[in-house]
1. Working only within segment B:92-128, note down all residues that are more than 22 Å from the chain's Cα centre (by Cα), part of a loop (DSSP other than H, G, I, E, B) and facing chain A (nearest Cβ under 7 Å).
2. Condition first: among the β-branched types (Val, Ile, Thr) and either more than 8 Å from chain A (Cβ to nearest Cβ) or surrounded by fewer than 24 Cβ atoms within 10 Å (Cβ to Cβ) (or both). Now tell me which residues in segment B:148-170 satisfy that.
3. Go through segment A:238-252 and count every residue that is surrounded by fewer than 16 Cβ atoms within 10 Å (Cβ to Cβ) and not in a loop (DSSP other than H, G, I, E, B).
4. For the subset of segment A:146-188 comprising residues that are on the phi > 0 side of the Ramachandran plot and either at the interface with chain B (Cβ under 7 Å from one of its Cβ atoms) or at pLDDT below 95 (or both), which member is surrounded by the most Cβ atoms within 10 Å (Cβ to Cβ)?
5. Scan segment A:58-84 residue by residue and report those that are under 18 Å from the mean Cα position of the chain (by Cα) and not small (Gly, Ala, Ser).
6. Pairs under 8 Å by beta carbon, first residue buried (at least 24 other Cβ atoms within 10 Å of the Cβ) in segment B:336-358, partner aromatic (Phe, Trp, Tyr), six or more apart or different chains?
7. Filter segment B:64-89 down to residues that are among the β-branched types (Val, Ile, Thr) and outside any helix (DSSP H, G or I), then give me how many there are.
8. Report, by residue number, each residue of segment B:296-322 that is farther than 30 Å from B:Pro214 by Cβ and either crowded, with 20+ Cβ neighbours inside 10 Å or of a type in the set (Phe, Trp, Tyr) (or both).
Amino acid sequence: MRRRVVVTGVGVVSSIGLGRRQFWASLMDGRSGISPVESMDTSQHGFHRGGEVKGFTPDPWFRRLDARCMGRASQFGVAAARMALDDAGLDPLEVDAESAGVAMGTTSGEPEYLCRFDDHVVAGTLDKAGPEADLFRYLAHTIAANIAGEMGFGGVNATIPCACAAGNYAIAHAFDAIASGRSDLMLAGGADAFARVPYTGFARLGAVAPEVCRPFDRNRKGMIPGEGAAVLVLEPMEHALRRGSLIWAEIGGYGLSCDAYHMTSAHPEGAGAARAMTSAMARSGIGPDDVSYISAHGTGTASNDRLETIAVKRAFRESAYRTPISSIKSMLGHTMGAASAIEAAVCTVAIHENRVPATMNFEEPDPECDLDYVPNRARECDVRVAMSNAFAFGGANSSLIFKRFED
Amino acid sequence: MNRVAITGMGIVSSLGDSQRDVHAAFCEGRSGLRPVTRFESTGVPCCLAGPVTDFDEKKYLPGRNLRPLDRLARLATSAVKLALEATGWTPELLRASEAGLALGTMFGAVHTVGEFDRGTVINGPGSASPLDFANTVLNAAAGQAAIWHGLTGINSTLTTGATAGLDAIGYATDLIRSGRAAVIVAGGVEEFSLEPVYAFERSGLLCGSHGDDPLPVPFHARRNGLAPGEGAAFVVLEDLDYALAGGRPVLAEIRGHASTLDTSGGRDGKLSVEAMARAIHIALRDAGCGPDEIDCLSASANGSVTADGREACAVACALGSRAARLPVTAVKSMLGDTLGASGAMQLIDLVETLRQGTLPGIPNLDEVDAGFPLPMAGPESRELDARIGLVNSVGAHGSCCSLVVALRK
C-alpha cells in the first residue's frame with residue numbers, strides 16, 4: 001500500500017534571501033538576485049553578471065560537522081536542510097535517524113576542489129597540493145552525505161546529479177522512498193555553487209544573457225548562471241497529521257522521461273517534455289484543467305522557452321492558454337541543480353499562500369510564446385495544484401505535481 | 001508489488017567483455033591488474049590498477065559517430081549494448097516499452113570536466129569546445145547511452161560513492177516493483193584516470209602505498225589497500241510478467257535490497273559496522289528471506305585495511321551463525337575496485353555463480369586473522385549448489401548497499 005506524501009518544511013538559500021519567509025517576500029516583490037560576479041574571474045568573458053549568493057556564512061547552520069571540510073554546495077545544502085527541519089518543527093536529534101534519509105540533486109557537485117586540483121596540475125605543483133584539492137570532497141554524493149552526517153540521518157542517501165532537472169529527480173526519489181515505506185522522513189532538494197566550468201560552458205554555447213534574463217520575452221538573450229539550494233521535508237501524511245504539523249502541500253506524483261534525442265537541444269516538438277507532464281498528471285489522478293499554476297523551466301534561452309511552450313501546449317491542449325506559467329529564473333538566474341528544488345519550494349508555498357510569482361523583465365511578447373506568463377507582477381489566484389517542470393542536458397525531463405492538502 | 005527479473009547482463013572489464021569469460025577468469029584466479037605508470041609525469045606514482053586496456057568501442061558501437069561520447073559514455077553505452085543485445089531488443093521495442101536507464105558512478109565524468117577546465121586555464125575560456133562542455137554534466141553518460149539506444153523512459157544518474165552501481169540497481173528495482181516502469185537498464189560505470197588515482201593515492205588507500213607488497217587481497221591479515229579498476233556493467237531489469245510475456249529469458253530475480261549511511265563517513269568503526277549490518281538486515285527483510293537461506297556472498301572487500309574487517313563483522317552481525325558457514329567471494333581481488341561499477345559487476349558475477357555452480361575464490365588469501373568471522377573465505381574456487389546470493393557494496397565514506405538475488409524457482 002503506497003503512503004501519501006506531504007511537504008511539512010521548506011528551506012531556501014538564494015540570491016534573494018535565506019529561508020522561506022525572506023525568499024518568498026523577495027519573490028513576491030519581484031526582486032532580482034543578479035549582480036556582478038565576485039567569486040570568479042570573469043575578465044575573459046563578455047559578461048560579468050550572475051546570481052551569486054552574497055555574504056553567506058555557513059557556521060550558524062552547523063552543529064556537528066566542520067563546514068570548512070566540505071564545498072559550498074554542501075554548505076548551502078546543510079543550511080537549507082536546517083531551515084527546512086526548523087520550518088517543519090522537527091528536531092533532527094529526536095527523529096528516528098535510521099529511517100530518515102536525504103536525496104539531493106546537483107549539476108556540478110563541489111567543483112571548487114576540482115578547480116584547485118586543475119590549477120595544481122597546470123602549475124605542476126600537485127605534490128604540494130593540500131586539502132583544497134581533495135577530490136573525494138569534489139564528489140557529488142558528498143552533498144547528500146554531508147547533510148545526513150550533519151543531521152545524523154542513517155537511512156536512504158543519494159545525490160542524483162541529473163543536471164538542471166536534478167532537484168526534481170531527487171524529490172521524486174524521496175517521494176518514492178516515503179510512499180513505499182522505505183523511509184519515514186526525507187530531506188529532498190538540490191544544491192549548486194557558482195563554478196567556472198558551467199559558466200564557461202554556457203558562455204561557449206552562446207546561452208548566456210549579458211545583463212538581464214527575460215524568459216518568454218521576444219528579446220530574450222539567454223540564461224544567467226546562479227547558485228543556491230532548497231530542501232523540502234517530506235513525510236508520510238499520517239506522521240504529519242499525528243504531529244499536528246502544518247502541511248504545506250501534498251506531492252501528487254511525478255513524471256520523468258528522456259528525449260533520447262540530443263545532449264543539449266530539446267526535442268523539436270517537445271515530445272519528451274510533454275510526456276513527463278502528461279505522466280505526472282496521470283500519476284496524480286488529475287487532468288490539465290486541474291492545474292492552477294505551472295512553474296516553468298523557463299531558462300530564458302531562445303530555444304528552451306519556445307520548446308517548453310510547445311510542450312506545454314502538447315500536454316495541456318486548450319487548457320494551456322488558461323493556466324498561468326512563470327519563470328523565477330528571471331530573478332534568480334539558473335541555479336542549476338538547485339533550480340527545480342527551489343521551484344518545488346515555490347510551488348509548495350504558492351499553494352499555501354494562493355499567490356504565484358511573476359516572470360520579471362517581461363517587455364515584449366513573442367508570437368511563438370503565447371501563454372499567460374504572469375508578466376512582471378506576482379498574482380493572487382486559487383492555487384490548488386501546481387506543476388513544476390525541469391529539463392536537463394542529456395534530454396532528461398521531469399515534472400512534479402504538488403496539490404493542496406485535503407484529508 | 002511487481003517482481004523484478006534480470007533478463008540481460010553486459011560487462012566491459014579488465015578481464016573481458018562477456019560475463020562467461022570474466023567468471024571463468026575469476027574461477028581460475030586470474031587478475032586484470034597490472035602496474036600503471038602513466039601518471040608519473042603528474043607526480044602520481046606507479047600503482048597496481050585494472051584499466052580496460054584493449055577497449056575498442058567500435059566493436060560494440062559500430063556505424064555511428066562516436067566523437068560526441070567521452071570514454072565514460074563509451075564504456076557505459078557499450079555495456080548497455082551488451083546487456084540488451086543478448087535478448088534481441090530492437091530500438092522499436094525499447095521505445096514502445098519506454099525503457100529507462102539508471103546509471104551509478106562515483107567519479108563520473110571527472111576526467112572530462114578536469115580536461116575541460118584545465119584547457120580553459122591554459123588557453124582561456126574562448127578555447128573551450130561546446131561539444132566537450134555537454135559531457136561535463138554528471139549525467140552525460142546516461143544521456144549519451146539513452147540517445148544511442150533510444151531509451152526514452154526515466155533517465156537517472158546516481159552518485160552515492162563506490163556503492164552507486166548497486167544503488168542504481170536497487171533504485172531501478174523499486175521503480176519496477178511499484179509499476180513506474182516495466183524495463184530499466186541499470187548498473188554502473190567508472191573510468192580509470194588521473195583524478196581517482198590521485199584521490200586514493202593521496203589518502204593512502206592504495207595497496208602498496210606504504211611500501212608493502214602491492215597486491216589487493218581482501219580479508220588478508222596483512223592487506224594494505226585497494227587497486228583502482230575500470231569498467232562498466234549493466235543489467236536489464238524488467239517486470240517479471242512483462243519479461244515472460246515478451247518471451248525473454250529470466251536469468252535471475254532481484255529479491256530485495258537496502259541502502260544505508262554511516263553518518264560518521266567511515267570514521268567511527270562501530271557506526272560503520274552498524275550501517276553495513278543494517279543494510280544487510282533490511283535487504284533480507286525486503287527479500288523475505290532469513291540468514292540461513294543465503295547460499296553465498298559477494299563481498300565488497302577490496303583489500304582496505306579498515307573496511308574489509310568491518311564488513312566481515314557486519315556480515316557476522318547481520319547473519320548470525322550463518323556467517324561461519326557462508327561461502328564468500330571478493331572479486332575486487334582480481335578486478336580491482338571499479339568503484340561505481342563494482343556493485344553491478346559483483347551482481348553479474350554472482351548470477352553467473354548461481355547459474356554455473358562455481359564460486360570464485362579470493363586469490364592469495366592464505367592468511368586471515370585468528371577468529372575471523374567469515375572462515376569460508378579462501379583462495380580456492382568451489383563447486384556450489386546455490387540459489388540465493390547476497391551482494392554487499394560498501395563505500396569508503398559511509399555508504400552501504402546490500403542486495404539479494406535469486407534464481408527463479
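The values are calculated or read from the model by the stated rules, or taken from the named source; none is laboratory data. What you are looking at is a predicted structure, and each value in this text was computed from that prediction instead of being measured. Positions of Cβ are generated from backbone atoms using ideal geometry, with glycine treated the same way; all protein chains shown enter the neighbour counts.
1. Scanning segment B:92-128 gives B:Gly124, B:Ala128.
2. B:Thr163, B:Ile169
3. Summing the residues that are surrounded by fewer than 16 Cβ atoms within 10 Å (Cβ to Cβ) and not in a loop (DSSP other than H, G, I, E, B) in segment A:238-252 gives 4.
4. Taking the candidates together, the pick is A:Ala163.
5. Matches in segment A:58-84: A:Arg72, A:Gln75, A:Phe76, A:Val78, A:Arg82, A:Met83.
6. The qualifying pairs are B:Leu339/B:Phe107; B:Gly340/B:Phe107; B:Ala344/B:Phe234; B:Asp349/B:Phe26.
7. Selection size over segment B:64-89: 1.
8. Listed by number, the residues that qualify are B:Ala318, B:Leu319.
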